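The values are calculated or read from the model by the stated rules, or taken from the named source; none is laboratory data. Every value quoted in this text rests on a predicted model; they were computed, and no experiment measured them. Here the Cβ positions follow ideal geometry from the backbone for every residue, glycine too, while neighbour counts run over all protein chains shown. Please note that ligands, DNA and RNA were not included when accessible areas were found on the heavy atoms of the full protein model with its side chains. Shrake-Rupley method; radii C 1.70, N 1.55, O 1.52, S 1.80 Å.
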Amino acid sequence: MSTATRVLGIEGTAWAASAAVFDSGTDDVFIETDAYQPESGGIHPREAAEHMHDAIPKVVERALEHARETQGDERPAGEPPVDAVAFSRGPGLGPCLRTVGTAARALSQSLGVPLVGVNHMVAHLEIGRHTSGFDSPVCLNASGANAHLLAYRNGRYRVLGETMDTGVGNAIDKFTRHVGWSHPGGPKVEEAAKEGEYVDLPYVVKGMDFSFSGIMSAAKAAYDDGVSANDASGGSSDGSDGVPVEDVCYSLQENIFGMLTEVTERALSLTGSDELVLGGGVGQNARLREMLAEMCDQRGADFHAPEPRFLRDNAGMIAVLGAKMYDAGDTLPLEESRVDPDFRPDQVPVTWRTDEPDLELGRDRGTVQGAEATVDLEPDAGRATKRREKKSYRHPELDERLRTERTRLEARLTSLARRKGVPTPVLSDVDPHEARLELEYVGEDDLREALTPERVRDVGRHLARLHEAGFVHGDPTTRNVRVNADRTYLIDFGLGYHTDHVEDYAMDLHVFDQSLVGTADDPDPLRAAVREGYREVGDERVLERLRDVEGRGRYVGE
Ligand SMILES: C[C@@H](O)[C@H](NC(=O)OP(=O)(O)OC[C@H]1O[C@@H](n2cnc3c(N)ncnc32)[C@H](O)[C@@H]1O)C(=O)O
Ligand SMILES: Nc1ncnc2c1ncn2[C@@H]1O[C@H](COP(=O)(O)OP(=O)(O)OP(=O)(O)O)[C@@H](O)[C@H]1O
Ligand SMILES: [Fe+2]
C-alpha cells in the first residue's frame, strides 16, 4: 500500500485559472493554467471572475485526467484519484475567490474527499521551502498584489515587513499602464530596462517596511516631463518630453529591487537566519534574483528561487501546501469554507510544521555583520567601529548616496538623541565619505537576546522622546537596542530623519512592533509594554494613529 498523498489544487485569486495535481510519493507536480488577459487596462475583477467561471472546469478536468492516467495500482479504479481538494481561500479578488470556492466545494462533494483551504501567500512561501529543502528560511514574497517578508516563529508566519501601499507588481503595472503598455507590465519593464541608464528616483525604506507610491509618482513625472533629480537628458525615444522610458524602467528596477533586497537583508540580520527563499510573480525578474543572490552570497546565506512556473500564480503551490495540510489533518468543514479576500498570512495556524528553529543568537564579539554595516566591536577598549561597506548589488550611484547620507544622519541623530535624554553611544569620530563611524561600545546584549517588558517600556519612552524632539529613529528593531542591567540604549540611527508628521511617528512604533512580533515567542505583553512606555512621555494621537496603521487593509487591490 502506498503512503503517498495526492492532492488536487485549484488557484484562481486574480488572473490564473489553474489546477494541479501533486503526488508526494514521486514529488511530481502537474500544472494546467489558463491565464486571463485583460483587453485593456489592468485586471477587472468581474471579467476575471467570468474567466474563472469558464476556465476552471477545463483546467480541473485536465488535471484529473492526468491524475487518473498516472494512478498506478495502489488506487483501485473507482476510488477517487486524489485524497483531497485544496483551493486558494484568499487573499485575492472577491468575485474570483467566490467562483473558485464554489467550484472547489462542488468537487470535494462529487469526489467524496475533504476540502483544504490554503492561504495563497503562505503557498507562495511554502513552495520555495519545499523545492529548496531549507528548514526555516526567511521568505520574500514579491507578487502582484503583495510585497512582504515572512519568518516562522512559534506556530505562525510572522510578517516582519511589508509594503505600506500597493504590492510591488501592481506598482510596476500602474506605471506601464501610464505609458500605454498592455498588462502585465513587469516583463516589459524588465525588457526595456536592458537599454536604460540610471536616473535619480526616490528610495523609501522604514526599517523592514517600504513604500512605492513616491517612487511611482516620480517615475510617471519623469516620463511625462523629464522631472528627475539629475535630469540632463533630452527627449524620450517615444515622443514625450520626458526622460527616456528605458531609463525610467532601468532606474525603477534598481530602486525598487534595491529596496526589497535591503529590507530582506535586514530581516536576515534580525532573525539570524541564513536561508532565503523568494516567492511571487515578480520573482521571475532576473535583476531582482541577481540582487538577492549577490546579497546572500556576500553574507554567507543560501538563496533559493523556485522555477518560474512555481513563482507566478499557479495551482501547483496550492496542491503542495494542500498535501502538507491534509497530512496534518488540517481539512476544512464545508460550512466553514468561506473565502477571505483579506486573508493575511499571519492569520494561518501553521499545523504542518512541528519543528521550531533554534536561532543561534549569541553575544556579539569581534566583527559583526549587520544588515548595512560591518561593525568591529572592542568591548574592552569601549569602542565600536562601524563601516557601511559598498553593496555591490546596488547601483553605484544609489549606493554612494545612501551610504554617505546615512552615515551623516547617524552621527547627527545619535548625538541629538542623547541631548534629548535618550541613552546612545558617544560618537568619537565620523567620516561620511568613507562611511565610517567610531562610537562608544554600549550595553551587554542586543535587546533581541534579553527581551523583558521593562526594557521594552524603556524603548517606548525613548521613542516618544525622539518624537517630541521632532525626529524618528527610522529602524527601531530589537537588534538596534542595546541593554545592560540598568540601561537601554538606542543605536543605529542611519534611517532617522526630522519630521513633524504623526504618521511618521506611528510608523516608527509600528516598525518596533513588527520586530517584537518577529523575535518574541509571545509578543503581546511586550507590545503592550511599548505602548505604556510611549504613553508616559509621548502624544496619545501617535498611539491612535498606530492603530490606524495596523488596521489598514494593505492587501490586494490597487
Ligand atoms: C493574491 C494574488 O492574486 C496575487 N497574485 C499575483 O499578483 O500574481 P503573481 O503571478 O504572483 O504576480 C503577477 C505580477 O508579477 C509581475 N511580473 C511578472 N513577470 C515579471 C517580471 N519579469 N518582472 C517584474 N514583474 C513581473 C506582473 O507584472 C504582475 O504584477 C498575489 O500573489 O499577490
Ligand atoms: N555602539 C555599539 N555598542 C555595542 N554594540 C554595538 C554598537 N554598535 C553596533 N553594535 C552591535 O553591532 C550590531 C550591528 O550594528 P548596527 O545595527 O549599527 O549595524 P547595521 O548594519 O545597521 O545593522 P542592522 O541594519 O542589522 O540593524 C548591533 O546589533 C550590535 O549588536
Ligand atoms: Fe500570487
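General observations
- Overall form of segment 244-328 per C-alpha gyration tensor (a/c, 1.5; a/b vs b/c): oblate
- For segment 55-198: rounded, prolate or oblate by the Cα gyration tensor [a/c cutoff 1.5]: prolate
- Measuring how big segment 144-306 is from its alpha-carbon positions, Rg and Dmax come out at 16.2, 56 Å.
- Per-residue HN-Hα couplings for segment 328-345 [Karplus 6.51, -1.76, 1.60; θ = phi - 60°; Hz; x = Gly/Pro]: 8, x, 8, 9, 10, x, 3, 6, 10, 9, 4, 7, 9, x, 10, 4, 8, x
- Residue-normalised accessible area of segment 144-306, expressed per residue, 1.4 Å probe, Å²: 31
- Alpha-carbon centroids, segment 461-516 and segment 371-396: separation in whole Å: 20
- DSSP beta bridges confined to segment 144-306 are antiparallel in about 65 percent of cases.
- Loop GluC sites (Glu not before Pro), segment 74-170 (other Cβ atoms within 10 Å of the site Cβ: 16 or fewer; DSSP): GLU74
- Solvent-accessible surface ranking, highest first, for ARG547, ARG289 at 1.4 angstrom: ARG547, ARG289
- The chain pair-distance distribution - Cα-Cα, 10 Å bins, rounded %: 4, 18, 26, 25, 17, 8, 2, 0
- Cross-link partners of LYS206 among lysines (Cα-Cα below 25 Å; sequence separation of 8 or more within a chain): LYS174, LYS220, LYS386, LYS390, LYS391, LYS420
- Nonpolar atom fraction for the chain, defined as the carbon and sulfur part of the 1.4 Å probe accessible area, stands at 45 percent.
- The mean accessible area for residues of segment 482-558, using a 1.4 Å probe and ignoring ligands and nucleic acids, is 42 Å² per residue.
- Projected area, mean over directions - segment 366-551, Cα convex hull, nm²: 10.7
- DSSP-defined beta bridges in the chain - what % are antiparallel, rounded to 5: 75
- Charge-dipole axis of segment 1-118 as Lys and Arg at +1 and Asp and Glu at -1 on Cβ define it, positive-most pick from ALA17, THR99, VAL7: THR99
- The simple spin-label model puts a point 7 Å past each Cα toward its Cβ; for ALA4 and ASP28 those points are separated by 0.6 nm.
- Here's how it looks for ASP445: its modeled amide H is under 5 Å from those of VAL483, which are all 5 or more places away or on a different chain.
- For segment 481-498, backbone phi angles converted through the Karplus equation (6.51, -1.76, 1.60; θ = phi - 60°) give residue-by-residue couplings of 10, 10, 9, 9, 4, 10, 9, 10, 9, 9, 10, 6, 8, x, 9, x, 6, 7 Hz, Gly and Pro being listed as x.
- Note on surface exposure: THR354, THR131 rank THR354, THR131 by accessible area, highest first, 1.4 Å probe.
- Surface exposure of segment 1-122, expressed per residue as accessible area with a 1.4 Å probe, stands at 42 Å².
- Available extension along the chain between LYS58 and ARG487 is 148.0 nm, counting 0.36 nm per residue and deducting the alpha carbon span.
- A simple charge model with +1 on the Cβ of Lys and Arg, -1 on the Cβ of Asp and Glu and nothing else charged puts the dipole of segment 26-92 at about 300 debye relative to its Cα centre.
- Rounded to the nearest 20 debye, the dipole size of the chain about its Cα centre is 980 debye, using +1 on the Cβ of Lys and Arg and -1 on the Cβ of Asp and Glu.
- Sequence-separation-based contact order of segment 14-157, relative, with Cα cut under 8 Å and 6+ spacing, percent: 18
- Sorted into 10 angstrom bins from 0, the C-alpha pair distances of segment 283-410 split as 9, 23, 26, 22, 15, 5, 0 percent.
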